[in-house]
1. Say a paramagnetic label sat at a point 7 Å from the Cα of residue B:323, along Cα to Cβ; which residues of the range B:281-308 have their backbone N under 18 Å from it?
2. Between residue B:80 and residue A:417, take the C-beta separation as r, use R0 = 22 Å, and let me know the FRET efficiency to the nearest 0.05.
3. Going by how many other beta carbons lie within 10 Å of each one, how would you line up B:42, B:141, fewest first?
4. Please order A:232, B:351 by the number of other Cβ within 10 Å, starting at the fewest.
5. Please report B:156, B:380 as a ranked list, fewest other C-beta atoms within 10 angstrom at the top and most at the bottom.
6. Simple spin-label model, 7 Å along Cα-to-Cβ: residue B:445 to residue A:89 in nm?
7. Return one number: the angle in degrees, 0 to 90 and rounded to the nearest 10, between the long axis of the Cα atoms of helix B:6-25 and the longest principal axis of the Cα atoms of chain B.
8. If I histogram all Cα-Cα distances within the protein assembly as shown using bins 20 Å wide from 0, what percent of pairs lands in each bin?
């Protein structure tokens, strides 16, 4: 070695974390005042590569601490402890309309974090980093078990926390894209909830018979969960996003079988033909199809399909009859559903009925439709294939990345506290105040 | 630390148990471990929430080892007014550890009642984590009679993500190489264990997780014909590592424990092919410089075994080599001439070492270096109450374990020494200081050949 060697030490703590855990990225032993780029790289399951990077200047001790020091450029700026994850974007040259979603949640998301000399913005593949580490991000905590559920014709997956139980239960529903989406249920099980992710639009029974599931399908899911020996049958909640909200509100208010201890509705609406089946609700949306708008980039905007919020009570779930706490999560820049308008209407209806003490609304300016678990990248738009239309469309979800990412982090934290308080006790209101 | 009187405790336990029974028809307490996946030298926080306030509970850890033994630790706690028990913040009133001990559930582990005698816990497969189940039970003394209220699983890893494990079998040298993630090249360590245990990889895996290429050398398996041949084996091993593309050749150190430290002293003192600044530094844990000239390590062992009749046996019939060891090292012609060593050295010893006079050895090393005007090269750590087996932090302490005497079928129980709490504190403190010493000499110091 002829030159004076400065070995930069890069560390990420923890190197194996849950998807919603923060980490500390540290560079040590750099030349004080030197310019460095910290970059994260991830290759997702469908083969696309995503990157995020920040530009830093080492301090007088030769240290960069991402949780304390500002990034002055890159895919994020300012002091952003988790910027290397939430600001992920497809690498240059990738096709448009991508969305990062993990299908196999039994393996971790693998991210390589490296440090480069200077403030780099492109051509990372041709540069040799000074140092690099591998980081694992898990949806499942150790000991969480995944159990496929096919009982009663269900297409579902149950995630049980480790331990003897019994655990409060959770029914987890996603939106119009269908499929069995498991990651949120897996993560919630890692927080102590027996969570069942349910496919209700592309369920095996629908794919085989061509018929949409009826309301009994959800009641079956509830029963299966309730009767599980490790589930506390009297403490079951439901969480729905987008179209999943429509189902959640309907079941919470009208089902004779489903008795929820709490409901979480993200980016959705109460507008639907009351007592309609899944199929009838979808047809109701389709009827208003001509209200579809397009952005200047030709992205589909579907928020107007349910606007204006009807005054006809037969077209809205009667939330005045709700008997369990409800948490509504709203992105004010939601371009896919009129979640903000719906939330306002829900609030009014509940105030008139006298049960508004059950309602909590979390409303985030500049957040879009896809309010997901934290530190996953924001997709302002992406290609979507719904059960109603054959071809893929480019759907505008909305949201500005920074605010949307903050909304994801804040909403998730509050949602977990809400679920813990309503499902685990609430006898000690200060119990979870440290969260 | 305030004590909890027995009758009061029993009353509390009964009341809480009734309350908890009623609750568990509803929902149980929540036990969380943060982080749930960590390296073995990282701390975790164990928290129980949603208990009734003032409730006596026991936190219990359980590990099923690769040797199919069960190891456990437990602490007795009382929940606060919020119904919370925090192992990080609260006091344990009894169990396998007492007081404020965030990691007590790991370092105070011992074989469960009814286990075989003289067990030792070591991970052989370092590619998988050590799984520890932590549960919370109601009550204190009788906690075992009840099923747990809640439990969670912790993964403790020796290998960080991205660390590569490579089997080495080159030029007769055998061992396992661990390479950190990243472009490299890296500062490097030649890692040597003690006698009688075979190849142990876990410390090397952990060192690689901390940024060093680490080579765990298998040096006792083969039968070396002569001391020269054996010495060449070590020099060859050192060179193979030094010439590896992922290794920075002038940033190679040696780390050895017990017999491994003998090898470290020997190689560093006598090698002619190893030049200036190489090794860059050495770390000797439970230092041993007994190495009669012209003998192989195994032959040296044979000589040692001739002194076993002089061994001291304690009240449990555990065998200590310390006293005859002292006699042996009293003759300087039996020992490595450590005064010849020219590189920075860190000696780590337990003052209650019953296996070998390692503290006296360290004193002797200090004296010899002082005579040569090289005392500035030496750093020493000596821990009162610690024994011979100073391992990475939070691993359980073994005061005595089964040992098979090399070349014979004889099994004894060797006394290593140490008292659990003091020994565990020593493991935690020494590891941090070893890493800091290695960082200073292998990462931060400028290269000698730097351009001015």
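Each reported figure results from applying straightforward, stated rules to the coordinates on display, with no laboratory input. In this text, all values refer to a predicted model and were calculated from it rather than measured experimentally. Here the Cβ positions follow ideal geometry from the backbone for every residue, glycine too, while neighbour counts run over all protein chains shown.
1. Once the point is set 7 Å along Cα→Cβ of residue B:323, B:304-308 turn out to lie under 18 Å by backbone N, inside the range B:281-308.
2. E(calc), rounded to 0.05, equals 0.70.
3. Ascending number of Cβ neighbours within 10 Å: B:141, B:42.
4. Least crowded to most crowded, the residues run B:351, A:232.
5. Ordered by Cβ neighbours within 10 Å, fewest first: B:380, B:156.
6. Placing both labels 7 Å along Cα→Cβ, they lie 4.7 nm apart.
7. That works out to roughly 80 degrees.
8. P(r) for the protein assembly as shown, in whole percents per bin: 14, 39, 32, 14, 2, 0.
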